[in-house]
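This report refers to the structure that appears directly beneath it.
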Amino acid sequence: MAYYRYSASYPDKDGNELTVRSMVPFSLETEKNPYYCHRYYTSEKDDSPYYYVVSLGHQKGWPGHFHGPRTVDRFIIHYVIGGKGEFQGEPVEAGQFFFTHPYETHTIRDDDQDPMEYYYIGIAGPGTEELMRRTGFFSIPKIHRFQFADQLPSVFHNALYQTHPKNDTELYLLSTFLYLLSLHQQENAASASEHSKMDAFLYYKEALIFIQDYLLEGITAKDVAQHLHISPSYLRVIFSRYCKYSLRELMIRKRMECAASRLTFENVSVMQAAALVGYSDYTLFSKIFKKYTGMSPLAYKKQRCQIPILPENVNL
């Protein structure tokens, strides 16, 4: 890279940005000003590396500060850690990041009462678009939440307030950017896992409703999976997570419970009860019924028992 340049900017009495540039880092003492922006720039490389960091910075904006309309040849990610404002006319606040695409005209405005504090980093190079796509930035809104604000000061302050040897500055800054991407990846993975758990529970509840509605029509576990548009193996995993019984076991128990109820409260024969819950084989039905109640269907009917077959914590 041709040069390395630091800058510090502050508002004048009219709110205009005054900038001082230096080839060495500014002291942390400059942060005593209530409003400021510290930046670190590099120049574009002549040999066009795959991707490289162009700039990064830390800004405590001033009331009503307006940036843009502006177009730059890089992706820029801004991490808001305090205050609020607008990006492209949309509200943004602490705990959100927003980003721009290369050559996309954008505007940033600080709130009049509670201006934003944020870190930002810009990345360019012919491979940048593919990198950003691969790490998910093309599939999320341009204003999005993040959870790693507490890690940003150490990540950015080292880059802003240390002198970088010219022989490793490019790699040092690139490692900073890749570390930020790793934080995004970790957060995306955690979010995907949480969504997966929510989806699994919804599948479980939907399966129970389907069983409740169609159990006596002879449905199988495969029918339940097809209704949910998921694989039978995934359905088994879901039931192992949320239910004391496997899906097959639960359906058998529920059928026996229904048969027991018919035998107790309705004037049906044992063969009729078997048929009503989907069993054409009377011998098989009697064997399974006795397994769950401790007595034959005929003895159960004569004694008009009311033995619960499903525990209370399994609700259909």
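Could you go through the stretch 28-42 in sequence order and give the Karplus-derived ³J(HN,Hα) for each residue, using 6.51 cos²θ - 1.76 cosθ + 1.60 with θ = phi - 60°, rounded to whole Hz, and x for Gly and Pro?
Running phi through 6.51 cos²θ - 1.76 cosθ + 1.60 with θ = phi - 60° gives 4, 4, 5, 6, 5, 5, x, 10, 6, 9, 9, 10, 9, 10, 10 Hz.
What angle, in degrees between 0 and 90 and rounded to the nearest 10, separates the Cα long axis of helix 282-293 from the longest principal axis of the Cα atoms of the chain?
Once rounded, one gets 70 degrees.
For a quick size check, give me the Cα extents of the stretch 1-153 along its three principal axes, largest first, whole Å.
Rounded to whole Å, the extents work out to 42, 36, 30 Å.
Kindly state, as a whole number, the per residue volume in cubic angstrom of the convex hull around the alpha carbon atoms of the stretch 199-242.
Cα-based convex hull of the stretch 199-242, divided per residue, equals 61 Å³.
Could you give me the radius of gyration and the Dmax of the chain, taking only the C-alpha atoms into account and expressing both in angstrom?
Final numbers for Rg and Dmax: 32.4, 97 Å.
Quote to one decimal, in nm, the extra length available between Ser269 and Glu217 on full extension: 0.36 nm per residue of separation minus the C-alpha distance between them.
In short, 16.8 nm is gained.
Please work out the FRET efficiency for the pair Ser182 and Gln162, using the Cβ-Cβ distance as r and a Förster radius of 30 Å; give the result to the nearest 0.05.
Once the sixth-power term is evaluated, E becomes 0.90.
Given a Förster distance of 35 Å, report the FRET efficiency between His101 and Ser27 from their Cβ-Cβ distance, rounded to the nearest 0.05.
0.50
Using modelled backbone amide H atoms (1.01 Å from N, in-plane), which distant-in-sequence or interchain residues come within less than 5 Å of Val54's amide H?
Sorted by chain and number, the residues that satisfy this are Gly122, Ile123, Ala124.
Per DSSP H run of at least 4 residues, take -39500 (n - 2.57); add these up for the chain, divide by its residues and hand me the 222 nm value, nearest 500 deg cm²/dmol.
-13000 deg cm²/dmol
Find which of Gly294, Leu152, Met132 sits farthest along the positive direction of the dipole of the chain, computed with +1 on the beta-carbon of Lys and Arg, -1 on that of Asp and Glu, about the Cα centre.
Gly294
Distance check, please: which entries in Lys244/Lys301; Lys254/Lys287; Lys205/Lys254; Lys60/Lys84; Lys254/Lys291; Lys254/Lys290 exceed 18 angstrom between their Cα atoms?
Lys244/Lys301
For a bin width of 5 Å, list the pair-distance distribution of the stretch 247-303 built from all Cα-Cα distances, rounded to whole %.
Result returned by the calculation: 4, 23, 36, 27, 8, 2, 0.
Pairs of alpha-carbon atoms within less than 8 angstrom and 6+ residues apart define the contacts here; what relative contact order does the chain have, in percent?
Value for the chain: 12 percent.
Within the stretch 208-234, what residues put their amide N at less than 17 Å from the label point 7 Å along the Cα-to-Cβ vector of Ser280?
Answer for this model: 216-220.
Given 0.36 nm per residue, what is the gain on full extension from Arg70 to Lys142 after removing their alpha carbon distance, in nm?
That works out to 24.3 nm of additional length.
Where a number appears in this text, it was derived from the coordinates with a stated rule and is not lab data. Just so it is clear, the structure is predicted and the values come from calculations on it, not from any experiment. Glycine also receives a Cβ, built like all others from the backbone with ideal geometry; neighbour counts cover every protein chain displayed.
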